[in-house]
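I'd like to ask some things about the structure below.
The values are calculated or read from the model by the stated rules, or taken from the named source; none is laboratory data. In this text the structure is predicted, and so the values were computed from the model without any measurement. Every residue, glycine as well, gets a Cβ built from its backbone with ideal geometry; the counts of neighbours run over all protein chains shown. Only protein heavy atoms, including side chains, enter the accessible area calculation; ligands, DNA and RNA are left aside. Shrake-Rupley method; radii C 1.70, N 1.55, O 1.52, S 1.80 Å.
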Amino acid sequence: MKNQSFVTEFVFLGLSQNPNVQKLILIVSLFVYIATISGNMTIVVTIVCSPTLLGSPMYFFLAFLSLLDASFSSAMTPKMIVDCIYERKTISFEGCMIQLFFEHFFGGAEVIVLTAMAYDRYVAICKPLHYSSIMTRRLCGILVAVAWAGGFLHSIIQIIFTLQLPFCGPNVIDHFICDLYPLLELACIDTHIFGLLVAANIFVFTAMAYGQHVAIFKPLNSSSIMNRGLCYG
C-alpha cells in the first residue's frame, strides 16, 4: 500500500496543558536526563579506559548497555524538554518517523543485550571452568552484532507498518512522543489489522528475548543450586 499522507507535521498535547505543571515537568525531566546521561557515560568511560574491565564480558556488555540506554533517552527526552518551553508542541512527519525508528531501535537492542548478559552470568555460574573458553571476545562481538541487527529489524518493521498508513486529517497526538498506537488512532483507515500486526511483532520479539531468560535461568532454581556440581561437568 502506498503512503498517501497529507499531514506534514504532528502536534503533541504533552503531559499537561497547565503552564505551571509544564515548568515542573521541564525541571524534573532536565534533571533526570542529565543524571541519566552522566551516569551512563561515566560507566562507559570508566570501563573503556580500563583494559582489565573491558576485557571482562560482563563489563563489556555493561558498557554497551549503558551506551544504548543513554542513546535511548536521547531519542526522546531532549525533544520533550524543548516542547515544555513552547505552548505549541509540533514535530514534522519525517522527524516523527525518525524518533519512532530510534526509540524501537535502541529499545530492541537493549532487550537483546540484557539477554546476552543473562547468558554470560549463566555460563559463569553453571560452567565456571569453561567460562573463558565459551565467553570469548569473538562471541561477545557476535552477541553485540546480534543486538544491533535485532534492534534494527524490530524497528524497521514498525516503520514499514507506519509508512503504510495514510494520515489525511487529524494531526494531534495525545502523547509527548511519537509512538505507534497514538499514530494508529490518527490514520484515515481502519487500523485494527495493523494494530494486531504491531502487537504481534512486539509480542514475538519480547517473548523470544524473555523466553531465553527463562531457558537460561531454569537450571538455577533451588533444586539445581543444591546439585550445582552437576553443572560443572
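Where does the charge balance sit around Val11 when Lys and Arg score +1, Asp and Glu -1, over other residues with C-beta under 14 Å from its C-beta? The partial results should precede the final answer.
Details: positive: Lys79, Arg88, Lys89; negative: Glu9, Asp83, Glu87, Asp174, Glu185.
Taking every other residue near Val11 into account, the sum is -2.
Next up: Give, as a single signed number, the net charge of other residues whose beta carbon lies under 15 Å from the beta carbon of Met76, with Lys and Arg counted +1 and Asp and Glu -1.
Values: positive: Lys79, Lys89; negative: Asp69, Asp83, Glu103, Glu110, Asp179.
Within the 15 Å Cβ shell, the charges total -3.
Turning to a different aspect of this structure: In the neighborhood of Leu100, defined by Cβ-to-Cβ distances under 14 Å, what is the net charge if each Lys or Arg adds +1 and each Asp or Glu adds -1? Mind dumping the intermediate values first?
Working: positive: Lys79; negative: Glu94, Glu103, Asp179.
Its environment carries a net charge of -2.
Taking every alpha carbon pair in the stretch 19-63, what does the distance histogram look like in 5 angstrom bins from 0, in percent?
Final binned percentages: 5, 22, 18, 13, 10, 9, 8, 7, 5, 2, 0.
So for the stretch 16-164, taking the charge dipole from beta-carbon charges (+1 Lys/Arg, -1 Asp/Glu), which of Thr115, Leu30, Thr77 sits furthest toward the positive end?
Thr115
Write out the GluC sites (Glu not before Pro) in the stretch 72-104 meeting two conditions: DSSP loop, and at most 10 other Cβ atoms within 10 Å of their Cβ. Each step should come with its number before you reach the end.
Working: sites: Glu87, Glu94, Glu103; in loops: Glu87.
Sites meeting the loop and neighbour criteria: Glu87.
Same structure, new question: Hey, can you rank 49-55, 60-66, 184-190 by average C-beta count inside 10 Å, highest first?
Working: 49-55: 11.0, 60-66: 21.1, 184-190: 15.4.
So the order, starting with the most tightly packed, is 60-66, 184-190, 49-55.
To the nearest 20 Debye, how big is the dipole of the stretch 1-95 about its Cα centre, given +1 on the beta carbon of each Lys and Arg and -1 on that of each Asp and Glu?
Details: 5 positive and 5 negative charges, 19 e Å.
Computed about the Cα centre, the dipole is about 100 debye.
Once the piece of chain linking Ile134 and Thr90 is laid out straight, how much longer is it, given 0.36 nm per residue of separation minus the C-alpha distance between them? Present the calculation step by step, with values, prior to reporting the outcome.
Numbers: separation 44, 0.36 × 44 = 15.84 nm, distance 4.98 nm.
So the chain would gain 10.9 nm between Ile134 and Thr90.
Under 8 Å for C-alpha pairs, at least 6 residues apart: give me the relative contact order for the stretch 16-151, rounded to a whole percent. Walk me through the intermediate numbers first.
Values: 105 pairs, mean separation 36.1, N = 136.
The normalised contact order for the stretch 16-151 reaches 27 percent.
Averaged per residue, what accessible area in Å² does the stretch 137-204 show with a 1.4 Å probe, protein chains only?
Numbers: 3500 Å² over 68 residues.
It amounts to 52 Å² per residue over the stretch 137-204.
Round to the nearest 0.05 the FRET efficiency obtained for Gln17 and Val146 when R0 = 30 Å and r is the Cβ-Cβ distance. Provide the component values of the computation, followed by the final result.
Details: r = 43 Å, r/R0 = 1.44.
Computed FRET efficiency for Gln17 and Val146 comes out at 0.10.
In the stretch 89-137, what percent of the accessible surface is made up of carbon and sulfur (1.4 Å probe, ligands and nucleic acids excluded)?
Numbers: 1390 of 2040 Å².
In the stretch 89-137, the share of accessible area belonging to carbon and sulfur is 68 percent.
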